[in-house]
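Q: Below: one structure in structure tokens.
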Amino acid sequence: MTEIDPTSLSATALAREIATGQRSAVSVMTAFLDRVDVVNPRVNAIVSRVDRPTLMAEAREQDEILRQHGPIGPLHGLPMAVKDLEDVVGLPTTQGSPLFRDHIATSDSPMVARLRQAGAIFIGKTNVPEFGFGSHTYNPVFGTTLNAYDHSRSAGGSSGGAAVALATRMVPLADGSDHAGSLRNPAGFNNIYGFRPSFGRIPDDNADLFAASLGVTGPMARSVEDLALLFSVQAGPDPRMPLSIQQTGASVSQPLDLPVTGRRIGWLGDLDGYLPMEPGILPLCEQGLGVLEDLGCVVEPLSIGFPMEELWEAWTLLRSWKVAANLGDTYQDPKRRGLLKPAAQWEVANGLNVSGTAVSRALAVRSRWFLHMLSLFDSYDHLVLPTAQVFPFAADLDWPKEIAGRAMDTYHRWMEVVILATNAQLPSLSVPVGFNEAGLPMGMQIIGRHQDELSCLQLGHAYDVATHWPALHPPV
């Protein structure tokens, strides 16, 4: 048995050592639970924890299965905490809302079922904003999750708990979900990797099986190799979901080690001044672009060539319309409306006033946007822009009210940089680009062609090998 702390290993190395018997699931579980006991009280990332005796019994069972039959799957024995928007049988799914404080899941979500079948052991949930609204992880049920690098700052969201648990090495892998950058923003805020895949790549149990949701689930990790490991388990078709993509997870996550020389990168920056950016973000991203150039990529500035305010208005309308469909009954019940945070009430109020004609027009804008982005990929292999428009902000702030002197007119306007990939349903990988003078992390998005997740992972892997940002700069 090696003496190296299991929590310091990559998920890929840890899974290999468990599968080959070099480490026991019991020893791995013990190390991670010990770390959670020490670190989690400082950052509040993992909630609804499973008790230690239960987890140790599950780990012993995994060791016995391994001894008799070999590994269950590629995640055999790895401790994981699932985002508190996903159902894990027997655990609460609160969504950060007092309305669901006592809700216990009776089954696994489709994605969680795949993790369990691959051998993961669930130690609890990761904290989220209420209903996942807003890219700042705080709620009245569990409180605020704090940034891994500065405990006075936001962790981002809505996968903020997942990002901080990963960055602080309380878990080796984490799942997330993304509508308005919920995988990408907290990854950038915590110096890790977050990957928004194309819609249908990871099946989800949407209420309408024939509607293409703007939200997707995806993987988070401290390296692209680990990201691909988790993605290979999450991705793949599901016969119950007619819009799922008919390729296996393995086929869209490997091989990673391919040359990226000659790849054409379109640098979108701040969209020619359309997006306000906090000082320091663009220079850090430009340093990241320099790494891509050193790898042999060709980087060129690119003007987006689309009316972005029109795209924003279409996105906000469709978002409010969807929220109203989900929470409208709660909003219209006077006894329960007050249990919704102001942002949720605002979304529902707007959504209830949306007409069918307005929805149709917004969908037409989204379609034109997809075709426009498709045309850009005639000239470029990837499009790149920052992951966020601000560095991690004060944790006691509900959301940034201005950026670079420009007022933000909604609770999510400060996240507008992420809707480019969202509206076109394109894969987008958030990669770390370093830290500002105050020691706050930032990331940039690498956007790929529709359903070309593997190309994003390959470029991200080359970048990761060249920089090793999470490995070389862990939180103190």
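Q: How many residues does region 290-303 contain that are surrounded by fewer than 20 Cβ atoms within 10 Å (Cβ to Cβ) and either out of contact with any strand residue (DSSP E or B) (no Cβ under 7 Å at 6 or more places or on another chain) or assigned to a helix (DSSP H, G or I) (or both)?
A: Residues meeting the conditions: 7.
Q: Can you find a residue in region 425-434 that is under 24 Å from ALA314 (Cβ atoms), surrounded by fewer than 24 Cβ atoms within 10 Å (Cβ to Cβ) and either without any contact (Cβ under 8 Å) to a residue 40 or more places away in the chain or polar (S, T, N, Q) (or both)?
A: Scanning region 425-434, I find at least one residue that is under 24 Å from ALA314 (Cβ atoms), surrounded by fewer than 24 Cβ atoms within 10 Å (Cβ to Cβ) and either without any contact (Cβ under 8 Å) to a residue 40 or more places away in the chain or polar (S, T, N, Q) (or both), so the answer is yes.
Q: Condition first: of a type outside the set (Phe, Trp, Tyr), over 26 Å from the mean Cα position of the chain (by Cα) and farther than 19 Å from ALA358 by Cβ. Now tell me which residues in region 303-316 satisfy that.
A: SER303, GLY305
Q: Does SER48 count as farther than 30 Å from TYR149 by Cα, surrounded by 19 or more Cβ atoms within 10 Å (Cβ to Cβ) and in contact with a Lys or Arg (Cβ under 9 Å, 6 or more places away or on another chain)?
A: No; evaluated as a whole, the condition is false for this residue.
Q: What is the residue count in region 326-339 for residues that are without any contact (Cβ under 8 Å) to a residue 40 or more places away in the chain and touching a helix residue (DSSP H, G or I) at 6+ places or on another chain (Cβ under 7 Å)?
A: Residues meeting the conditions: 3.
Q: Here is a further query. Of the conditions (1) surrounded by 20 or more Cβ atoms within 10 Å (Cβ to Cβ); (2) under 21 Å from the mean Cα position of the chain (by Cα), ALA250 fails just one. Which one is it?
A: The single condition ALA250 does not satisfy is (1).
Q: Among the residues of region 427-471, count how many are within 18 Å of the chain's Cα centre (by Cα) and in a strand (DSSP E or B).
A: Total meeting the criteria: 13.
Q: Residues in region 346-354: is at least one crowded, with 17+ Cβ neighbours inside 10 Å and free of Cβ contacts under 8 Å to residues at least 24 places away in the same chain?
A: No; the residues of region 346-354 include none that is crowded, with 17+ Cβ neighbours inside 10 Å and free of Cβ contacts under 8 Å to residues at least 24 places away in the same chain.
Q: Give the residue that is farthest from ILE123 (Cα to Cα), with candidates limited to residues of region 51-64 that are open to solvent by less than 70 Å² (accessible area, probe 1.4 Å) and in contact with a helix residue (DSSP H, G or I) (Cβ under 9 Å, 6 or more places away or on another chain).
A: ASP63
Q: Identify the single condition in (1) out of contact with any His (no Cβ under 9 Å at 6 or more places or on another chain); (2) of a type in the set (A, V, I, L, M); (3) part of a helix (DSSP H, G or I) that ALA343 does not satisfy, given that it satisfies every other one.
A: (1)
The values are calculated or read from the model by the stated rules, or taken from the named source; none is laboratory data. Keep in mind it's a predicted model, so treat the numbers as computed, not measured. Every residue, glycine among them, receives a Cβ derived from its backbone with ideal geometry; neighbour counts consider all protein chains shown. Accessible surface areas use protein heavy atoms only, side chains included; no ligands, DNA or RNA. Shrake-Rupley method; radii C 1.70, N 1.55, O 1.52, S 1.80 Å.
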